[in-house]
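The values are calculated or read from the model by the stated rules, or taken from the named source; none is laboratory data. From a predicted model like this one, the values you see are computed outputs, not experimental measurements. Cβ atoms come from the backbone with ideal geometry, glycine included; neighbour counts cover every protein chain shown.
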Amino acid sequence: MSLLTDIADAIYDGDLDTVVAQTNSAIQNETPALEILEKGLMAGMDRVGQDFKAGDLFIPEVLIASRAMQAGMEILKPLLVTQKIKSPGKIILGTVQGDLHDIGKNLVAIMLQGAGFEVIDLGVDVSKEVFLKAIIENKPNLVGMSSLLTTTMPQMPEIIETIKQAGLRDHVKIMVGGAPLNENYAQKIGADGYAQNSSIAVELAKSLINT
Ligand code: B1M
């Protein structure tokens with residue numbers, strides 16, 4: 001059995017110690033960090049998502065798997081954020097109010113940092129007021145919103161409206177992401193772009209900066 005399969009299995013089992021040990025072993029074996037992330041950590045979390053949906057796993061198991069995933073991401077982070085390149089721009093990121101999912105958002109933050117972006121991460125459960133305050137204080141080029149719940153998606157147009165009302169819509173590009181979203185929804189709510197995953201998020205951020 002390969003190290004990457006071990007990592008995916010350990011994520012599924014919520015076995016943090018094995019995730020840490022096997023992630024370090026994979027790094028020592030010179031497996032590229034992105035491959036460890038995608039074929040190890042994310043593969044395991046995909047299975048967690050499927051079985052949670054099917055009712056075979058419950059919240060406590062998902063939470064334990066999430067902690068193991070975050071521990072693996074912490075190890076990979078320095079390897080994914082190695083380049084010291086001129087910053088293409090500044091982005092404010094947050095998971096919208098009512099939503100506590102942050103694994104995907106954290107991954108997007110890591111990949112953007114890896115591409116040189118200055119990332120200001122507002123965390124989870126971020127209200128429209130907090131987004132606005134952060135925009136006023138930090139003057140970012142981009143604002144990124146994440147939502148994993150169909151019930152919290154409607155926060156996004158509200159935040160965009162708040163930014164408009166403050167007269168700041170022309171000062172920032174807005175990108176959105178999260179499993180229940182799609183391109184059509186992003187267009188409908190007046191965002192500038194939608195990214196399906198963290199690699200596409202980096203490409204999108206770069207292209208929005210240049211438009
Ligand atoms: Co929750 N959860 N969860 N959960 N959870 C989902 C999202 C769900 C789809 C599971 C399911 O039923 N199949 C479902 C939502 C259903 C819906 O809305 N239609 C669900 C539910 C129902 C809930 C609760 C309501 C359960 C309950 O309490 N009854 C509850 C809500 C809590 C809250 O937020 N208020 C809840 C709680 C939790 C945990 C706390 C246990 C945990 C989160 C821990 C954490 O994040 N720290 C959790 C988890 C882990 C999941 C699943 C299993 C995995 C999510 C994840 O981390 N995926 C998820 C099932 C699933 O998505 N298949 C599920 C891995 C991650 C790398 O992918 O987040 O999609 P993802 O991010 C991707 C892209 O979406 C994109 O790039 C990322 C990297 O490729 N992306 C962006 C994300 N944000 C972006 C922003 C961008 C660009 C791209 O630009 C700004």
In region 122-159, residue nearest to the ligand (Cβ to nearest atom) [restricted to those that are closer than 19 Å to L181 by Cα and touching a Ser or Thr at 6+ places or on another chain (Cβ under 6 Å)]: S146
Name the pairs whose Cβ atoms lie under 8 Å apart, with the first residue in region 27-40 and not assigned by TED's automatic domain parsing to the domain that holds A68, the second of a type in the set (S, T, N, Q), and 6 or more positions between them or separate chains? none
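Listed here are the residues, each with its yes/no results for (1) near the ligand (Cβ under 9 Å from one of its atoms); (2) without any contact (Cβ under 8 Å) to a residue 40 or more places away in the chain.
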site	(1), (2)
K173	no, yes
P180	yes, yes
E183	no, yes
D192	no, yes
A195	yes, no
N210	no, yes
List every residue pair whose Cβ atoms sit under 6 Å apart, with the two residues 6 or more apart in sequence or on different chains, where the first one lies in region 58-83 and is without any contact (Cβ under 8 Å) to a residue 60 or more places away in the chain and closer than 24 Å to N29 by Cβ and the second, anywhere, is surrounded by 13 or more Cβ atoms within 10 Å (Cβ to Cβ) and not aliphatic (A, V, I, L, M). A65/G14; A68/G14; I75/T23; L80/G114; V81/Q113; V81/G114
Need the failing condition index for Y185 against (1) closer than 16 Å to I92 by Cα; (2) surrounded by fewer than 21 Cβ atoms within 10 Å (Cβ to Cβ), just the number. (1)
For region 67-95, name all the residues that are within 8 Å of the ligand (Cβ to nearest atom), assigned to a helix (DSSP H, G or I) and either crowded, with 19+ Cβ neighbours inside 10 Å or assigned by TED's automatic domain parsing to the domain that holds G116 (or both). M69
Selection status of L204, more than 7 Å from the ligand (Cβ to nearest atom), part of a helix (DSSP H, G or I) and of a type outside the set (K, R): yes
Look at I59 and say whether it is over 19 Å from the mean Cα position of the chain (by Cα) and near the ligand (Cβ under 8 Å from one of its atoms). yes
